[in-house]
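The structure appears below as structure tokens.
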Amino acid sequence: MKSNFFLIFFTFFIFAINSFGSANGTIAGDVYEVSAQFTQKKAALGEIVNLRLNFNIPPGFKLPDNAEIAGLDNYDIVQKKNLANGISIDIFVDKMENIDLPSLDIYLYDKNDKQKVLKSNPVVLPVESLVKVKPSENLLRPAKSIISSEYGIKKVLFIILLVICVVLVIITAYYFIKYFKSKKSDHKVPALPPHINALNRIDSLLLSGIPDRYGRRGFCFTLSEILREYMGNIRNFNALEMTTHEISGAAREKADLELLKILKKMDLVKFADTFISGTVLEEQVELSREYIDKTKPEEL
């Protein structure tokens, strides 16, 4: 009798947990139904990394073609693709910070548009700096390695006199160059307006035509620099020193959205060495001209 009572109580307890834990499609406690992991073990600025979300779709529910995923708003998603057992997401690394993803929410729907939320585990991908520094090389050398204790007083005085002469020559040269620059500045040609300067630079870039496949990466570097410099001249932030992600957060004008699309395409070629055809590159140049014409100051 007692065993039957215990069995009934245990069955009721399990049923209550399943009923309350799955309300509104959410998951109770710290149970994750989605396994999230990066294909790579580490990344660098400009790379495209792959995030795999592995899970089984519950019976009666469907994964939309463009699945809703909460938690990726601050990242540049290049591609998102549904798989038989989950979702594959390509992320463009545009910051020198580790990719620290929180627990993601994946939304599913049944035929009655009832929603269910699947939750993933948090995951972190280290982003390594491209600059390699050996701490041992930054240590100060002792004075003995610079001036030998075997030197006599005459040799030390000679070195001091030589240093003084070099300093005097440098100071004389500095003032000599400064004098001639001041003379030339009196006849300096006025600077061109930003839009004319940008269009002239684009014309110079196209002087030899669209380069072949192996020269298009350098072409994209120069075109991106021209557009960033122009944007910095007409907006209240230094776009030339900012990443595309930082520019997207600072841009406030509607016209700048078209420029951001161009800069992202250029970044994929610059940092990820993505192939871009000559036709597409010509289209980006024409779109760049249109953006400059649309945002140039009105002529008086």
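Filtering the stretch 74-96 to residues that are in a loop (DSSP other than H, G, I, E, B) and under 12 Å from GLY46 (Cα atoms) leaves VAL93, ASP94, LYS95, MET96.
For the subset of the stretch 115-139 comprising residues that are part of a loop (DSSP other than H, G, I, E, B) and at pLDDT 90 or above, which member is nearest to the chain's Cα centre (by Cα)?
PRO126
Hey, among the residues in the stretch 278-300 that are closer than 13 Å to GLU258 by Cβ, under 23 Å from the mean Cα position of the chain (by Cα) and of a type outside the set (Phe, Trp, Tyr), which one's surrounded by the fewest Cβ atoms within 10 Å (Cβ to Cβ)?
Going through the stretch 278-300, the residues closer than 13 Å to GLU258 by Cβ turn out to be 283-284, 286-295.
Among the residues that remain, those that are also under 23 Å from the mean Cα position of the chain (by Cα) are: 284, 287-288, 291.
Next, only the ones that are of a type outside the set (Phe, Trp, Tyr) stay: 284, 287-288.
Details: GLN284: 20, LEU287: 16, SER288: 23.
This residue is LEU287.
Which residues, counting only those in the stretch 56-80, are surrounded by fewer than 16 Cβ atoms within 10 Å (Cβ to Cβ) and farther than 18 Å from SER35 by Cβ? Matches in the stretch 56-80: PRO59, GLY60, LYS62, PRO64, ASP65, ASN66, GLU68, ASP73, ASN74, ILE77, GLN79. Is it the case that the stretch 252-269 has a residue that's loosely packed, with under 14 Cβ neighbours inside 10 Å, acidic (Asp, Glu), outside any helix (DSSP H, G or I) and at negative phi? Yes, there is a match, as at least one residue in the stretch 252-269 is loosely packed, with under 14 Cβ neighbours inside 10 Å, acidic (Asp, Glu), outside any helix (DSSP H, G or I) and at negative phi.
Among the candidates LEU240, LEU223, the residue that is surrounded by 13 or more Cβ atoms within 10 Å (Cβ to Cβ), touching a residue at least 24 places away in the same chain (Cβ under 8 Å) and in contact with a helix residue (DSSP H, G or I) (Cβ under 7 Å, 6 or more places away or on another chain) is uniquely LEU223.
If you scan the stretch 232-243, which residues turn out to be of a type outside the set (Val, Ile, Thr) and closer than 19 Å to ASP94 by Cα? Within the stretch 232-243, PHE237, ASN238, ALA239, LEU240, GLU241, MET242 qualify.
The values are calculated or read from the model by the stated rules, or taken from the named source; none is laboratory data. If you're wondering where the values come from, they're calculated on a predicted model, not measured in any experiment. Methodologically, a virtual Cβ is constructed for each residue, glycine included, from the backbone with ideal geometry; neighbour enumeration extends over all protein chains shown.
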